[in-house]
Amino acid sequence: MDNALNLRQRAVILASFLLAMILAIVPLPAAVRLLRPDWVALVLVYWCMAVPERIGVGSGWILGLFLDALYGSLLGEQALAKAVLAFLALRFTLRLRVFPRWQQALAVGVLVAISDLLVILTKSLVHGTTPLWRDTAPMLANVVLWPFLFAVLREVRRRAKIS
Amino acid sequence: MGTFLGLSLKQPSNLTKLIVLAGASIALMVIDAGHDYGARAVREVGQQASHPLQELAALPFATAHVVLKDAQDNQELRQENRRLAQRIERLRVKVARLNALQAEVAHLTALLKGSSLPGYRAGLARVLDVSSGPFTHRLILNEGANDHVFSGQAVIDAHGIVGQVISVGRDTSQVMLITDPDSGVPVVCARTGLRAIVFGTGAPNRLKVPYLTVTADIRPGDTLVSSGLGGVYPPGYPVARVTEVKSNPNLAFLKIRAVPAAHLNYHSHVLLLWPKGQHKAYAAHG
């Protein structure tokens, strides 16, 4: 479990994050945009579960900072959320691993939802906006997407022999 | 290693990291919300770093946009192409008309040259109408008695004899072509001086030369020029070219076919000939 990742394995993980970020900012029609899942969060949760000793709170925070720059949101907003998410994922990783897939999806959805709520909270604190019900749409999308994303990333992990 | 406030310093726990980083996040947010210069610099660095990512994300859409625009351009080019093709067609028609005009100019120039027949004065007349059935080959000219046109007047073009005026109206006159079945033109063979009469057949562009005995010296390619006998046509002007000479032993005469020298099918203008000296006399009659 504690073997260090080689360069290629690091590249694979980095590439998965980059791809997630691209998917997170790909322009979408307004109708679909609401249902855009939080790709980066899901990928982060997966890698936290898969290699908890490599990907964790620090990685999440850096990732979040980068997302802040990407979204143009307040610096630290996503960083905080992603750090919290990584922390939660690490905290529950052993339990998450043994859950059946649908239950796992729900649990991950809840974790991501908590981090999202943190973002919403921050936004409403800083900008004075009221949280809207429609902000929960991506949370549902996360739950739906998770099983598929999990399968894909597990395949990627196995191919790259990341244990 | 050692501990600090009960926390391991070597491998800080996740909670420690979270607390530290959450503090850092909140600090960043506060700084950023305050429009601090340092935070802005950090943001700019981050934005520059993420710029390639944004480009990459926008790439499919940019490509789609380009493709759509190409398709639109294609459409416009097609339309323009069609428009230009139509224009070319119109211009072609114009060119054809210009060519026709040029041909007419050449024709008129040739007519003017042909008008220098000795002993005759030539006048240009426009062809108003053409009647050509199996039995009549006629032209209607825009010159009549008012223009001193007289019945029996010779009509020629640049290449040969066209026919003669057979009836004269006030402002128009009717010309019987040499291909008219009623027409007969006294000719001589330019090569041998053999006298003959060229008759119309009623078929366009075909003449016959009957009443030549089998011993007559005439060959395909011979040019027949008017002899001036009969006084209607000017002498020495081309009438026809022999195309076919058939000799049938059972018949007394040769069967000779000829084509008119004048371009009977191409007329827009012809020349009317007035014999010099006679002009006044006929004018007085008219």
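The values are calculated or read from the model by the stated rules, or taken from the named source; none is laboratory data. Fair warning: this is a prediction, and the values are worked out from it, not measured in the lab. A quick note on method: Cβ atoms are made from the backbone with ideal geometry, for glycine too, and the neighbour counts reach across all protein chains shown.
Quick notes
- For segment A:49-76, a tally of residues being more than 24 Å from A:T122 (Cα to Cα), in a helix (DSSP H, G or I) and without any contact (Cβ under 8 Å) to a residue 60 or more places away in the chain returns 1.
- Qualifying positions in segment B:60-91 - over 25 Å from the mean Cα position of the chain (by Cα) and either closer than 21 Å to A:D68 by Cα or polar (S, T, N, Q) (or both): B:T63, B:Q72, B:N74, B:Q75
- Pair list, Cβ < 7 Å and 6+ apart or interchain, from segment B:235-253 residues that are at positive phi and surrounded by 14 or more Cβ atoms within 10 Å (Cβ to Cβ) to residues that are part of a loop (DSSP other than H, G, I, E, B) and of a type in the set (K, R): none
- The lone exception for A:D116 - which of (1) within 11 Å of another protein chain (Cβ to nearest Cβ); (2) in contact (Cβ under 8 Å) with a residue 24 or more places away in the chain it fails: (1)
- Here segment A:35-46 is the region considered, the condition is being in a loop (DSSP other than H, G, I, E, B) and within 14 Å of the chain's Cα centre (by Cα), and the residue that is nearest to the other protein chains (Cβ to nearest Cβ) is A:R36.
- Checking B:T213 against (1) within 24 Å of B:S131 (Cα to Cα); (2) touching a Leu at 6+ places or on another chain (Cβ under 8 Å); (3) of a type in the set (S, T, Y), the condition it does not meet: (1)
- Some residue of segment A:122-133 being of a type in the set (S, T, N, Q), within 12 Å of chain B (Cβ to nearest Cβ), in contact with a Gly (Cβ under 9 Å, 6 or more places away or on another chain) and crowded, with 22+ Cβ neighbours inside 10 Å: no
- Residues of segment A:58-80 that are crowded, with 24+ Cβ neighbours inside 10 Å, more than 24 Å from B:P12 (Cα to Cα) and either among the hydroxyl-bearing types (S, T, Y) or more than 8 Å from every other protein chain (Cβ to nearest Cβ) (or both): A:L67 alone.
- For segment A:11-34, filtered to residues that are part of a helix (DSSP H, G or I) and under 19 Å from A:R134 (Cα atoms), the residue that is nearest to the other protein chains (Cβ to nearest Cβ) is A:I25.
- Residue check, B:T63 at pLDDT below 90, part of a helix (DSSP H, G or I), within 30 Å of A:P52 (Cβ to Cβ) and within 14 Å of chain A (Cβ to nearest Cβ): no
- Of all the criteria given as (1) part of a strand (DSSP E or B); (2) without any contact (Cβ under 8 Å) to a residue 40 or more places away in the chain, the one not satisfied by B:R121 is (2).
- Just so you know, in segment A:47-57 the residues that are more than 7 Å from chain B (Cβ to nearest Cβ) and out of contact with any Asp or Glu (no Cβ under 8 Å at 6 or more places or on another chain) include one that is surrounded by the fewest Cβ atoms within 10 Å (Cβ to Cβ), and it is A:R54.
- So B:S173, is it in the same structural domain as B:L264 (by TED's automatic domain parsing), of a type in the set (S, T, N, Q) and without any contact (Cβ under 8 Å) to a residue 24 or more places away in the chain: no
- Listed conditions (1) under 28 Å from the mean Cα position of the chain (by Cα); (2) of a type in the set (V, I, T); (3) within 13 Å of B:M176 (Cβ to Cβ) are all met by B:T109, apart from (3).
- In summary, B:L18 fulfils each of the numbered conditions (1) farther than 16 Å from A:L74 by Cα; (2) crowded, with 16+ Cβ neighbours inside 10 Å; (3) more than 7 Å from chain A (Cβ to nearest Cβ) with the single exception of condition (3).
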